[in-house]
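Asks: After the structure tokens below, expect a handful of questions from me.
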Amino acid sequence: MDTRDRTLLAGDAYVAVGELFVTTELVWRFPFPALSGTWHAATALETAQRLSDLEPARIATGHGRVVDEPAGDIARALRRAREHKAPARSCVTSRLRGGLLRGRDCLRPRV
């Protein structure tokens, strides 16, 4: 967090390609974080919540635009991430570790 203007540099905890979303959410416009990331769902969601608790004035993500006054966008992204039942790990990570995720488990788009 840049304390001069409360800009949060969120890295890949959030992505702002289109609307703001948490890394675990599969969004067709930018599916790569959800499909090929190396995240752990519970940790990713906890990180996103902790960043939200900082109450940033703007958020700059690793991908996408800078979002000014992001409180509402962050709340919606967290709500969707909690409602969306992402696999415990990304699809690629699970497969590399011998997981047996079926294609439909990896490709559940947000409508």
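No lab work stands behind these numbers, since they all come straight from the coordinates. From a predicted model like this one, the values you see are computed outputs, not experimental measurements. Ideal geometry is used to build each Cβ from the backbone, glycine not excepted, and the neighbour counts take in all protein chains shown.
Asks: Just give me the residues in the stretch 47-70 being surrounded by 12 or more Cβ atoms within 10 Å (Cβ to Cβ) and either part of a helix (DSSP H, G or I) or aromatic (Phe, Trp, Tyr) (or both), in sequence order.
Replies: Answer for the stretch 47-70, where residues must be surrounded by 12 or more Cβ atoms within 10 Å (Cβ to Cβ) and either part of a helix (DSSP H, G or I) or aromatic (Phe, Trp, Tyr) (or both): Thr47, Ala48, Gln49, Leu51, Ser52.
Asks: Also, I was wondering about something else. Just to verify a result, which residue in the stretch 1-45, among those that are aromatic (Phe, Trp, Tyr) and touching a residue at least 24 places away in the same chain (Cβ under 8 Å), is surrounded by the most Cβ atoms within 10 Å (Cβ to Cβ)?
Replies: Among those that are aromatic (Phe, Trp, Tyr) and touching a residue at least 24 places away in the same chain (Cβ under 8 Å), it is Tyr14.
Asks: Now, a different point. Can you tell me how many residues within the stretch 1-34 are assigned to a strand (DSSP E or B) and β-branched (Val, Ile, Thr)?
Replies: Residues in the stretch 1-34 being assigned to a strand (DSSP E or B) and β-branched (Val, Ile, Thr): 3 in total.
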